[in-house]
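**Student:** Provided herewith is a single structure, encoded as structure tokens, for subsequent inquiry.
Each value in this text was obtained by applying a stated rule to the coordinates, not by laboratory testing. Nothing here was measured: the structure is a model prediction, and the numbers come from that model. For neighbour counting, all protein chains shown are included, and Cβ atoms are generated from backbone atoms with ideal geometry for every residue, glycine included.
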Amino acid sequence: MQSQYDFHNFFHQQDIQALMQAVAGDEVFVYPMKMGRIATPRKIGYETPPHQDAHSHQAGPTMAGIWVALHDVEEGMGRLKLLPGSHKQGVRKVLQADGVGGVQCEIYPGEDSWHVSNVEQGDVIVFHSCCVHRAEPNTTQDTVRISIDTRFCDYGAPVFVTNLEPHHGWRIDDLDWPHIYRGWKDDALKFYWRDYPGLTRELVHRNG
């Protein structure tokens with residue numbers, strides 16, 4: 001999936017850009033790190049725990065996530081859950097946890113009601129960098145849930161340098177941009193972030 005031009009180009013298409021601009025402003029920066037999510041059945045305990053992208057992406061308050069369902073997702077298939085109002089509480093302390101990422105953020109007393117719904121193919125969920133979200137376990141017997149997502153911000157906002165790498169490139173041999181770009185007939189998206197003015201190696205996610 002990572003090597004497919006259409007996978008990366010999807011988030012740069014005009015209608016998706018217009019949606020991002022409605023959230024972030026007249027000009028947006030789409031993170032190079034695009035993510036394909038595969039939730040396999042009966043892997044209980046390995047689902048993504050509650051977390052904030054403000055921590056995991058070391059992002060500022062103008063960053064948001066955009067998640068897209070590639071097929072209908074029903075109860076039991078690993079739906080996305082969001083904690084309402086959590087984006088107003090700032091960046092939370094993290095604790096060690098099982099599942100993707102190995103950490104989860106603190107959940108405050110009384111936060112026991114989550115927003116979750118079945119979604120249809122092509123449905124989009126957009127959420128603030130401080131919005132606490134998680135994945136339900138895929139409890140089906142033989143159904144795989146597949147979705148894609150990335151992050152974006154208003155153009156010029158700080159972006160931590162790790163977001164410039166392919167997703168999980170650090171742990172998969174030869175998963176780098178030259179490998180991904182092999183066979184692409186269009187060069188427009190290759191290293192499109194090289195001149196981005198907001199790159200940083202400093203932590204920037206202290207504002208909620």
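**Student:** With label points built 7 Å along Cα→Cβ from the Cα atoms of Val23 and Ser117, find their separation and express it in nm.
**Tutor:** Roughly 1.5 nm, to one decimal.
**Student:** For segment 132-208, what class follows from the C-alpha gyration tensor (a ≥ b ≥ c being the square roots of its eigenvalues): rounded when a/c is under 1.5, otherwise prolate if a/b is larger than b/c, else oblate? Walk me through the numbers on the way to the answer.
**Tutor:** Values: a/c = 2.14, a/b = 1.20, b/c = 1.78.
Oblate, because a/c is 1.5 or more while a/b does not exceed b/c.
**Student:** For a 29 Å ceiling on Cα separation, which of these pairs sit above it: Lys43/Lys93; Lys43/Lys88; Lys34/Lys185; Lys34/Lys93; Lys34/Lys88? Mind showing how you got there, number by number?
**Tutor:** On the way: Lys43/Lys93 27 Å; Lys43/Lys88 32 Å; Lys34/Lys185 19 Å; Lys34/Lys93 26 Å; Lys34/Lys88 26 Å.
Distance filter (> 29 Å) returns Lys43/Lys88.
**Student:** Give, in nm to one decimal, the length gained when the segment between Arg182 and Ile107 is fully stretched (0.36 nm per residue of separation minus the Cα-Cα distance). Walk me through the numbers before you get to the answer.
**Tutor:** On the way: separation 75, 0.36 × 75 = 27.00 nm, distance 4.33 nm.
Taking Arg182 through Ile107 to full extension adds about 22.7 nm, to one decimal.
**Student:** Would you mind classifying segment 1-99 by shape? Square roots of the alpha carbon gyration tensor eigenvalues, ordered a ≥ b ≥ c; an a/c under 1.5 is rounded, otherwise it is prolate if a/b is larger than b/c and oblate if not. Could the numbers behind the result be given before it?
**Tutor:** Working: a/c = 1.82, a/b = 1.15, b/c = 1.58.
Judged from the Cα gyration tensor, segment 1-99 comes out oblate (a/c at least 1.5, b/c at or above a/b).
**Student:** List residues of segment 100-132, by number, whose backbone nitrogen lies under 18 Å from a label position 7 Å along Cα→C-beta of Gln14.
**Tutor:** Taking a point 7 Å out along Cα→Cβ of Gln14, no residue of segment 100-132 has its backbone N under 18 Å.
**Student:** Another one. Calculated from the structure, semi-axes √(5λ) of the Cα gyration tensor in Å equals which of [x] 47, 24, 14; [y] 44, 20, 14; [z] 26, 22, 17?
**Tutor:** Matching the structure shown: [z].
**Student:** What spacing in nm lies between the two simple spin-label points modelled at Glu165 and Leu189, each 7 Å away from Cα in the Cβ direction?
**Tutor:** 2.1 nm
**Student:** Ignoring the sites themselves, what is the longest stretch of the chain with no trypsin sites (Lys or Arg not before Pro) in a DSSP loop and at most 12 other beta-carbon atoms within 10 Å? Kindly include the intermediate steps, with their values, before the conclusion.
**Tutor:** Working: sites that count: Arg42, Lys93, Arg171, Arg182, Lys185, Arg194, Arg201, Arg206.
That gives 94-170 as the longest site-free run.
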